[in-house]
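Report on one structure; see the data block that follows.
The values are calculated or read from the model by the stated rules, or taken from the named source; none is laboratory data. On a predicted model such as this, the values are computed, not experimentally measured, just so you know. Note that we place each Cβ from the backbone using ideal geometry, even for glycine, and neighbour counts take in every protein chain shown. With ligands, DNA and RNA removed, areas are computed over all heavy atoms of the protein, side chains included. Shrake-Rupley method; radii C 1.70, N 1.55, O 1.52, S 1.80 Å.
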Amino acid sequence: MANIVILGGGVGGIVAATRLRKKLPDEHDVIVIDRDNVHTFSPAFPWVLTGERDGDEISRGLGILAKKGITVINREVIGIDPQKMTVTTGDMEIPCDYLIVSLGASLAPDALPGFKDSTHNVYTLDGVKGLKHCLEDFRGGDTIILVSSLPYKCPAAPYEYALLLDALFSKKKIRDKVNLKIFTPEALPMPVAGPIVGNMVKSMLGKRGISFNPQMKALSIDTKQGKIFFENGDSVHFDLIAGIPPHKAPEVIIRSPLASETGWIKVDRNYLSTHFKNVFAIGDCTSIALPNGKPLPKAGVFAHFEADIVADNIVSDIKGEKGKKAFDGRGYCFLETGFGKAGFASGRFFAEPDPVVNMRMPARVWHWGKILFEKWWLKHWF
Ligand SMILES: Cc1cc2nc3c(=O)[nH]c(=O)nc-3n(C[C@H](O)[C@H](O)[C@H](O)COP(=O)(O)OP(=O)(O)OC[C@H]3O[C@@H](n4cnc5c(N)ncnc54)[C@H](O)[C@@H]3O)c2cc1C
C-alpha cells in the first residue's frame with residue numbers, strides 16, 4: 001500500500017489527485033492537503049471584473065474530492081521533509097511514499113511599498129471585486145495596469161485586463177476620458193512566447209489606444225502623491241491601478257531543502273522530479289528552464305499537463321510497469337480582448353532553440369472556446 005501525498009489543492013493538485021485515484025486501486029491512499037477548502041477558477045477573474053461572472057459561479061468546494069475517494073486535509077502545510085518523507089501541518093505529521101508539491105506561487109503585495117494601499121490586486125477575487133465596485137463611480141483619469149515584478153503567473157492576464165478595461169470604458173462611453181497605460185518590467189508582452197506573439201499583442205494594445213511601457217520596474221507607490229516610482233528614476237501619475245503583485249515561492253518551500261537559490265523548486269523538465277527520490281513538484285512553485293535558458297511561464301495549463309505526467313509515472317512505478325511518460329512543454333492560452341472576442345496562443349515551449357508559439361487573432365470562436373473550457377473545468381473535476 002502506498003501513501004501518495006499532494007500538497008496544494010489548486011490546478012495541479014486537483015488534476016494529480018483525481019488521476020491517481022482513478023488509476024490506483026483503493027488500497028493506496030491519495031491525500032490532498034490545502035489550507036483553503038474552496039478552489040476558484042482564476043482564468044474567469046477578468047469576467048468578474050466585467051460583471052459576466054460572480055465569485056460563487058467560479059468557485060467549488062474541495063470537499064467534492066472526498067466523494068471520489070481522495071482524502072482531503074484542510075490544513076496549512078508548515079513543514080516538508082523530503083529526506084524523511086514527511087509533511088507537517090499544525091497538529092499532524094503525515095508520512096508519504098510519494099510526494100507531489102503543487103503549492104503554487106505566493107502573492108507578496110508587501111514586497112512593493114505602497115501596493116496594498118493604492119492598488120486593486122487583480123490576482124485575487126476580492127481585489128477584482130473591489131476594482132469592479134470602484135469602476136461604478138469612475139468617470140475617467142489615469143488608469144494603470146501595473147506588473148510589479150517577474151516572474152508572475154499567467155503572462156496573458158495583465159493584457160486581458162487592459163483590453164477588457166478598454167472595452168468596459170468604451171461601453172460606459174468614458175473611454176476618451178481614460179488614459180489607459182501598462183507598465184511592466186517585461187520587454188514585450190508574453191515574452192517567453194517570442195517576439196512574433198509579443199509584437200502582435202503590442203500592436204493590439206496600440207490599436208486600442210493602450211500605452212505599453214516596457215522594462216519599467218516599480219520601486220514604490222505613493223498614494224498621497226498618486227504616483228508610481230520606477231527603478232530608472234521615472235514616475236507616473238495614477239488615479240486607478242489594476243495591479244499584479246510581486247510573486248514569491250511559498251514560505252514552506254523556501255524553508256525546505258527543496259528550494260533552489262531563488263526559492264522556487266528546480267525540477268527535471270520532462271519528469272518533474274526533484275533531487276529527492278519519489279518527490280515531484282509541478283505548477284507555479286517550480287522553476288523549469290527551457291532549452292533557450294528562459295523560464296517556462298507559470299500557468300495553469302502547464303500545472304495540469306505536468307500533473308498528468310507525474311500521476312501516470314507514479315501509477316506505473318507502483319504497478320511495476322516499465323517506461324515513463326515525459327512532459328513535452330505543450331501549452332495554450334486564451335487572451336480575452338473584449339467585445340465578445342478572444343485571441344488564442346498555443347505552442348511547444350520545449351522546442352529548440354526557442355519555443356514555437358502561434359497566436360490566432362481575436363475572434364468570437366476563441367471567446368466561446370474559453371467559456372467552454374471554463375464550463376468543462378468546473379464540471380469535470382467537481
Ligand atoms: C487572473 C488570473 C488569470 C489566469 N488565467 C489563466 C489562464 O487563462 N490560463 C492558465 O493556464 N493559467 C491562468 N492563470 C494561472 C493559473 O491560475 C495558475 O498558474 C495555476 O493555478 C497554477 O496551479 P498550481 O497547482 O501550481 O497552483 P495553485 O492553483 O495556485 O494551487 C496552489 C494551492 O496550494 C495551496 N497552498 C499554498 N500554500 C499552502 C500551504 N502552506 N499549506 C496549505 N496549502 C497551501 C493554495 O491554497 C492553493 O490552493 C491565471 C491566474 C490568474 C491570477
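Considering the chain as a Gaussian network with a 10 Å cut-off on Cα pairs, which listed residue, 282, 174, 73, attains the greatest mean-square fluctuation?
174
How would segment 126-247 be classified by its alpha-carbon gyration tensor: rounded, prolate or oblate, with rounded meaning a/c under 1.5 and the a/b versus b/c comparison settling the rest? Display every interim value, and only then the final one.
Details: a/c = 1.58, a/b = 1.16, b/c = 1.36.
Oblate is the answer for segment 126-247, as a/c is 1.5 or above yet b/c matches or exceeds a/b.
Quick one: accessible surface of residue 268, probe radius 1.4 Å, all protein chains present, in square angstrom to the nearest 10.
About 60 Å², rounded to the nearest 10.
Treating only the Cβ atoms of Lys and Arg (+1) and Asp and Glu (-1) as charged, compute the dipole magnitude of segment 191-275 about its Cα centre; round to the nearest 20 debye.
240
Suppose the chain between residue 225 and residue 93 were pulled fully straight at 0.36 nm per residue; how much longer would it get relative to their current alpha carbon spacing?
Difference between extended and current length: 42.5 nm.
Write down the accessible area per residue of segment 126-247 in Å², having rolled a 1.4 Å probe over the full set of protein chains.
On the way: 5080 Å² over 122 residues.
Averaged over the residues of segment 126-247, the accessible area is 42 Å².
Angle check, please: helix 157-171 long axis (alpha carbons) against the longest principal axis of the chain (alpha carbons), in degrees 0 to 90, nearest 10.
Orientation of helix 157-171: about 40 degrees from the principal axis.
Give 22/67; 217/370; 153/294; 207/341; 22/375; 67/129 a once-over and call out the pairs whose C-alpha atoms are over 23 Å from each other.
Table pairs above 23 Å Cα-Cα are 217/370; 67/129.
Leaving out ligands, DNA and RNA, what percent of the accessible area of the chain is carbon and sulfur, probe 1.4 Å? Spell out each step's value before the answer.
Values: 8710 of 16630 Å².
Carbon-and-sulfur percentage of accessible area, whole number: 52.
Give me the angle, in degrees from 0 to 90, between the Cα long axis of helix 364-380 and the longest principal axis of the Cα atoms of the chain, rounded to the nearest 10.
Computed tilt is about 40 degrees.
Please build a GNM for the chain, connecting alpha carbons under 10 Å apart, and tell me which residue among 28, 247, 39 fluctuates the most.
Judging by the Gaussian network model, the answer is 28.
Starting from the alpha-carbon convex hull of segment 69-185, give the projected area averaged over all orientations, in nm².
11.1
Hey, with R₀ at 22 Å, roughly what FRET efficiency would residue 108 and residue 54 work out to, going by the Cβ-Cβ distance, to 0.05?
Using R0 = 22 Å, I get an efficiency of 0.20.
Give, as a single signed number, the net charge of other residues whose beta carbon lies under 13 Å from the beta carbon of residue 97, with Lys and Arg counted +1 and Asp and Glu -1.
Counting the neighbours of residue 97, the net charge comes to -1.
Evaluate E = 1/(1 + (r/R0)^6) for residue 134 and residue 35, where r is the Cβ-Cβ distance and R0 equals 25 Å; express this FRET efficiency to the nearest 0.05.
Efficiency, from the Cβ-Cβ distance: 0.30.
With +1 on each Lys and Arg Cβ and -1 on each Asp and Glu Cβ, how big is the dipole of segment 140-261 about its Cα centre, in debye rounded to the nearest 20?
Working: 15 positive and 11 negative charges, 96 e Å.
Value, rounded to 20: 460 debye.
Can you tell me the orientation of helix 11-23 relative to the chain, as the angle in degrees between its alpha-carbon axis and the longest Cα principal axis, to the nearest 10?
It works out to around 30 degrees.
Per DSSP H run of n ≥ 4, the term is -39500 (n - 2.57); total these for the chain, divide by its residue number, and report the mean residue ellipticity at 222 nm rounded to 500 deg cm²/dmol.
The helix contribution divided over the chain gives -8500 deg cm²/dmol.
Could you tell me which trypsin sites (Lys or Arg not before Pro) in segment 132-239 are loop residues by DSSP with no more than 11 other beta carbons within 10 angstrom of their beta carbon?
Those satisfying the criteria are 139, 173, 224.
Under 10 Å, Cα contacts only: if you run a Gaussian network model on the chain, which one of 100, 145, 58 comes out with the highest mean-square fluctuation?
58
Less than 19 Å from a label point 7 Å out along the Cα-to-Cβ axis of residue 22: which backbone N atoms in segment 297-322 qualify, by residue?
The answer is 300-319, whose backbone nitrogens lie closer than 19 Å to the label point.
How many angstrom separate the Cα center of segment 17-58 from the Cα center of segment 179-245?
So the separation of the two Cα centres works out to 31 Å.
Say the dipole of segment 201-299 comes from +1 at the beta carbon of Lys and Arg and -1 at that of Asp and Glu; which of 292, 212, 229 then lies farthest toward its positive end?
Farthest towards the positive pole: 292.
Rounded if a/c is under 1.5, else prolate if a/b is larger than b/c, else oblate: which is the chain, with a ≥ b ≥ c the root eigenvalues of its Cα gyration tensor?
Prolate shape, in that a/c is at least 1.5 and a/b is the bigger ratio.
I'd like to know which of 185, 163, 247 lies farthest towards the positive end of the charge dipole of segment 126-247, counting +1 on Cβ of Lys and Arg and -1 on Cβ of Asp and Glu.
Positive-most Cα among the choices belongs to 163.
With the Cα gyration tensor of segment 231-382 giving a ≥ b ≥ c as the square roots of its eigenvalues, does the rule (a/c under 1.5 for rounded; else a/b larger than b/c for prolate; else oblate) give rounded, prolate or oblate? Numbers along the way, then the final one.
Values: a/c = 1.88, a/b = 1.27, b/c = 1.48.
The shape class here is oblate.
Please compute the length gained on full extension between residue 64 and residue 232, using 0.36 nm multiplied by the number of residues separating them and subtracting their Cα-Cα distance. Provide the component values of the computation, followed by the final result.
Details: separation 168, 0.36 × 168 = 60.48 nm, distance 4.96 nm.
Net length gain for the segment: 55.5 nm.
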